[in-house]
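Report on one structure; see the data block that follows.
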Amino acid sequence: MELIGPYLAACLLLVGAGVAKAWRPDDTARALVPLLGSASPAAVRLAVRVAAGAEAVLGACAMVWPAPGTASLVAASYAGFAGFVLHARRRGGALATCGCFGRADTPPTRLHVVVDLSLAGAALSVALRASDGGWLPVLLARQPWHGLPLVLTAAVCAWLVFHALSTLPRALASARVVRGEAR
């Protein structure tokens, strides 16, 4: 499983984003209302909490048990996220957001689509190469230093991806404003 590091980072991001959206569903619900049409905001907010909880559980289960089924679900999640981000980009507007981390500060950028598709590819690779019944402690036992460098690298990658999707676009937008460039 050559891409287990990016896969673990993807799982960590699912857990973090799921918990964030379950804790603060409002911005994600606002991003979804135009897609759902006549659904009430309260119903959408509840749906976001439930889906976000499922997202966090999927990330945790897939991380602990990187089997073909769980890895396939992670791949499908990220492919779906990429599709939603593309839709949010097309919809546009000054406040366009994907709501990925439960806040309105996650703009739908091309980088976001590339990251989502890359993480989907890593998860698909793990799904195709994983054996049934394998779980993380067994996998880590075969790694140098019992997988500590792998786990730390995956955590740092997840942290960097989070900032690439949330902080970097805001910083670049601020730089454009300072330089007086139009969007």
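The values are calculated or read from the model by the stated rules, or taken from the named source; none is laboratory data. This one's a predicted model, so the numbers in the text were calculated from it and none came from an experiment. Cβ coordinates were reconstructed from backbone atoms using ideal geometry, including for glycine residues, and neighbour counts include every protein chain displayed.
If you take the residues in the stretch 102-134 that are loosely packed, with under 14 Cβ neighbours inside 10 Å and touching a helix residue (DSSP H, G or I) at 6+ places or on another chain (Cβ under 9 Å), which one is modelled with the highest pLDDT? Explain how you work it out, then say what you get.
At the first step, the residues of the stretch 102-134 found to be loosely packed, with under 14 Cβ neighbours inside 10 Å are 110, 114, 128, 131-133.
Of the ones still in play, those that are also touching a helix residue (DSSP H, G or I) at 6+ places or on another chain (Cβ under 9 Å) are 110, 114, 128, 131-132.
Values: Arg110: 86, Val114: 93, Leu128: 89, Ser131: 69, Asp132: 58.
Per the criteria, the residue is Val114.
I'd like the full set of residues that are free of Cβ contacts under 8 Å to residues at least 60 places away in the same chain and farther than 18 Å from Leu3 by Cβ, limited to the stretch 133-155.
Those that are free of Cβ contacts under 8 Å to residues at least 60 places away in the same chain and farther than 18 Å from Leu3 by Cβ: Pro137, Ala141, Trp145, His146, Leu148.
Could you list, in sequence order, the residues of the stretch 135-152 that are more than 21 Å from Gly69 (Cα to Cα) and surrounded by 15 or more Cβ atoms within 10 Å (Cβ to Cβ)?
Initial filter on the stretch 135-152 (more than 21 Å from Gly69 (Cα to Cα)): 141-152.
Of everything in the stretch 135-152, those that are more than 21 Å from Gly69 (Cα to Cα) and surrounded by 15 or more Cβ atoms within 10 Å (Cβ to Cβ) turn out to be Gly147, Leu150, Val151.
Taking the criterion of being in contact with a Phe, Trp or Tyr (Cβ under 8 Å, 6 or more places away or on another chain) and modelled with pLDDT of 80 or more, would at least one residue in the stretch 73-82 satisfy it?
yes
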